[in-house]
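Structure first, then comments.
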Amino acid sequence: MLFVLLGASNLARGYSALVNCLIDCLHPHPVEVLHAMGPGRGYFAQGGVFNVSYSPIVASGILDAARKRQPNISKTLALITDIGNDIMYNVPADKIIACLRSIIQELDAMGADVFVNPIPMVLEKDVSER
């Protein structure tokens with residue numbers, strides 16, 4: 001089974017625990033994980049924190065890598081998280097939506113099951129004014 005994990009800091013913080021859980025729960029079946037993640041990472045915009053810079057997820061090559069593994073994989077699952085970082089980089093909503101739509105369409109064309117973790121609806125409870 002192939003897992004394609006896309007996201008930023010939230011995914012990066014839980015990555016090891018998530019992968020270990022997947023391996024333990026799916027044993028003895030093989031688990032392969034591809035990821036494009038990192039603090040401040042965007043889907044459409046280049047992002048990062050401090051001296052670390054990440055290419056946009058859409059341009060990272062992860063979808064090509066997943067496509068190449070398709071002939072040897074029984075099932076592909078994709079997790080799309082941390083979709084709000086592009087907002088911090090002043091990317092207009094229509095560009096973010098188009099980018100996410102193209103990623104989801106490519107994953108769908110591979111036959112992947114796609115799960116999206118949305119932006120919290122009540123942002124003022126999650127982010128202070130400052």
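The values are calculated or read from the model by the stated rules, or taken from the named source; none is laboratory data. Computed from a predicted model, the values in this text were never measured in an experiment. FYI the Cβ positions are ideal-geometry reconstructions off the backbone, even for glycines, and counts take in every protein chain you see. Heavy atoms of the whole protein, side chains included, go into the accessibility calculation; ligands, DNA and RNA do not. Shrake-Rupley method; radii C 1.70, N 1.55, O 1.52, S 1.80 Å.
Could you state the number of Å between the C-alpha centres of region 83-112 and region 6-25? Using only Cα atoms to place each centre, the spacing works out to 21 Å. In terms of accessible area, using a 1.4 Å probe and ignoring ligands and nucleic acids, Met110, Met1 rank largest first as Met1, Met110. Mind grabbing the base-10 log of I(q)/I(0) for region 4-130 at q = 0.12, 0.17, 0.20, 0.23 Å⁻¹? Debye formula, identical points on the C-alpha positions, no solvent, two decimal places. The computed values of log10 I(q)/I(0) come out as -0.48, -0.93, -1.23, -1.50. When the Gaussian network model of the chain links Cα atoms closer than 10 Å, the mean-square fluctuations of Gly47, Gly84, Gly111 top out at Gly111.
Output the antiparallel fraction of DSSP beta bridges having both residues in the chain, as a percent to the nearest 5. Taking every DSSP beta bridge with both residues in the chain, the antiparallel ones total about 20 percent. At most 16 other Cβ atoms within 10 Å plus a DSSP loop assignment makes a site exposed; report the longest stretch of the chain without any exposed chymotrypsin sites (Phe, Trp or Tyr not before Pro). No qualifying site falls inside 1-49, the longest such stretch. Shown is the FRET efficiency for Ala93 and His27, computed with R0 = 30 Å from the Cβ-Cβ distance and rounded to the nearest 0.05: 0.10.
Between the amide H of Val33 and those of Phe3, distances stay under 5 Å, these residues lying 5 or more places away or on another chain, with hydrogens modeled in the peptide plane. Using C-alpha pairs under 8 Å with a sequence gap of at least 6, the mean separation divided by the residue count of the chain gives a relative contact order of 28 percent.
Largest GNM mean-square fluctuation among Leu63, Leu26, Leu18, using the chain with Cα springs under 10 Å: Leu26.
Per-residue accessible area (protein heavy atoms, 1.4 Å probe) orders Lys68, Lys75 as Lys68, Lys75, starting from the largest.
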